[in-house]
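**Student:** Quick one: the structure is below, and I'll ask about it shortly.
The values are calculated or read from the model by the stated rules, or taken from the named source; none is laboratory data. Bear in mind the structure is a predicted one, so any value in this text is a computation, not a measurement. All Cβ positions, even for glycine, are placed from backbone atoms using ideal geometry, and neighbour counts span all protein chains on display. For the accessible areas, the whole protein counts, side chains as well, though only heavy atoms, and no ligand, DNA or RNA atoms are used. Shrake-Rupley method; radii C 1.70, N 1.55, O 1.52, S 1.80 Å.
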Amino acid sequence: MRVGVPVAAGTTVAVVLRRRIPVIVAASGKSSMASNSGSDSSFTTIKEIVSVEKEIKKSKFIAIAGPISTEQSAQMFLSQVRDPRASHNCWAYKIGDQHHRCSDDGEPSGTAGKPIQSAILSSGLDRVMVVVIRYFGGIKLGTGGLVRAYGGVTSDCLKTAPPCLVKSKVQMGVEVTFDLLGVLYNQLQSCHAEEIKEDYDTGKDGTAMVSFKVEFDLVDKLEDAIKSNCRRDLVFYKT
């Protein structure tokens with residue numbers, strides 16, 4: 001984590017570092033500057049692990065941000081990046097609207113974990129964790145100084161992280177007659193549908209229930225294409 005950058009006393013320097021740590025969750029999807037929608041259909045996380053280093057009054061702060069998917073993966077991420085030799089390993093993460101956690105790790109209450117968490121919430125990102133490692137330099141920063149230091153280095157770190165829009169899949173189903181299965185499968189393939197299954201126990205002769213998953217923003221397009229090509233008034237089921 002060390003970089004050879006000369007720093008004058010009392011100054012602050014930010015250095016972007018790329019860490020070769022396995023990403024906890026593969027955030028599939030195209031890069032996007034879109035903010036987190038806050039809905040169940042999609043969210044914006046970061047594509048890779050990034051880190052930023054600052055020196056403030058002789059204390060070194062290293063913020064490391066990475067994508068996570070569960071509380072278990074957050075613990076794995078923390079165990080990978082924390083430095084037991086450091087004065088403090090403070091952190092926060094956000095997984096959806098209900099799962100936020102943070103830790104001051106020995107800093108005065110509310111001066112580290114909460115500012116890190118606030119910076120994450122302000123960024124509009126989700127499924128992300130930030131660990132800020134502090135090496136104490138001998139000069140106390142005070143409560144306000146710590147809040148500004150932890151919140152500031154977290155914000156700077158998240159700004160360097162390439163965003164990634166992750167789209168959720170919608171579970172769908174449709175009943176079709178056997179003669180339409182070929183047409184249906186062509187449309188499912190064109191929309192990259194996944195987990196396609198057939199159920200012939202529909203109680204109707206010559207009819208199958210086909211279930212599948214498709215990206216939420218392709219649902220309307222797929223329905224219209226199937227109806228147009230099948231030329232039938234079909235009923236779609238969604239969960």
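**Student:** Which entries in the list 204/227; 114/140; 47/238; 169/221; 114/167 go over 25 Å, if you measure between the two C-alpha atoms of each?
**Tutor:** Exceeds cut-off: 47/238; 114/167.
**Student:** Check residue 68: other-chain or 5+ apart residues with amide H under 5 Å from its amide H, H built from backbone geometry?
**Tutor:** 128, 129
**Student:** Indicate the gyration tensor shape class of the stretch 102-231 (rounded, prolate or oblate), computed on the Cα atoms with a ≥ b ≥ c the square roots of the eigenvalues: a/c under 1.5 is rounded; otherwise a/b larger than b/c is prolate and the rest oblate.
**Tutor:** Working: a/c = 5.72, a/b = 3.96, b/c = 1.45.
It comes out prolate by the Cα gyration axes.
**Student:** Please list, ordered by chain and number, the residues whose modelled amide H lies under 5 Å from the amide H of residue 234; skip anything fewer than 5 residues away on the same chain.
**Tutor:** Amide H neighbours of residue 234, under 5 Å, 5+ apart: none.
**Student:** Please list, in order along the stretch 178-185, the HN-Hα scalar couplings obtained from phi with the Karplus expression 6.51 cos²θ - 1.76 cosθ + 1.60 (θ = phi - 60°), rounded to whole Hz, x for Gly and Pro.
**Tutor:** 4, 5, 9, 4, x, 5, 4, 5
**Student:** What FRET efficiency comes out for residue 160 versus residue 189 if R0 is 35 angstrom and r is the Cβ-Cβ distance? Round to the nearest 0.05.
**Tutor:** 0.35
**Student:** Let me ask something additional. Can you work out the accessible area per residue across the stretch 193-239, with the rest of the protein chains kept in place, probe 1.4 Å, in square angstrom?
**Tutor:** So the stretch 193-239 comes to 67 Å² accessible per residue, rounded to a whole number.
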